[in-house]
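See structure below.
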Amino acid sequence: MTVRELIKELEFYDDNMEVEFAYNYGDYWNTTVCKTIKDIDTGYVEYSSYHRMDKLVDEDDDEEETDTADKKEVLILQ
């Protein structure tokens, strides 16, 4: 999803509605939990074969360990 698509989707909701992020807690019951978004930031992600999805790149990692061509900047809801 792009920022433009997100803005377009949000136009239909009440301005005072709280926003939360849903994710699988990882417990035995596969409970979906929600966390309140407290911050918006940008960061870099790269595809992780182990997780089969993007993972956040640690800014303190040695630059030689990660291929910069595989990184992309994204908006992060925290």
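Assorted remarks:
- Within segment 15-57, all pairs of alpha-carbon atoms sorted by distance into 10 Å bins from zero give the percentages 21, 35, 37, 6.
- Those trypsin sites (Lys or Arg not before Pro) in segment 2-47 that DSSP places in a loop and that have at most 16 other beta carbons within 10 Å: Lys38
- Ordering of 19-30, 45-56 by packing [mean C-beta count within 10 Å, highest first]: 45-56, 19-30
- A simple rule links phi to the HN-Hα coupling: the Karplus curve 6.51 cos²θ - 1.76 cosθ + 1.60 with θ = phi - 60°, which for segment 10-26 gives 6, 4, 8, 10, 4, 4, 9, 6, 5, 10, 10, 10, 9, 7, 6, 5, x Hz, with x for Gly and Pro.
- Net charge of Cβ neighbours under 15 Å - reference Thr36; Lys, Arg +1; Asp, Glu -1: -1
- The phi torsions of segment 50-59, fed into the Karplus equation with coefficients 6.51, -1.76 and 1.60 and a -60° offset, translate into couplings of 4, 8, 6, 6, 5, 10, 5, 7, 6, 4 Hz, rounded to whole numbers, with Gly and Pro shown as x.
- Counting only Cα atoms, the chain measures 46, 36, 19 Å along its principal axes, largest extent leading.
- Theoretical ellipticity at 222 nm over the chain - DSSP helices of four or more residues, -39500 (n - 2.57) apiece, nearest 500: -2500 deg cm²/dmol
- Relative contact order (%) - criterion: Cα under 8 Å, at least six apart; region: the chain: 27
Quick note: the coordinates plus some simple rules give every number you see, no bench work behind them. Please read these numbers as outputs of a predicted model, since none were measured by experiment. Every residue, glycine among them, receives a Cβ derived from its backbone with ideal geometry; neighbour counts consider all protein chains shown.
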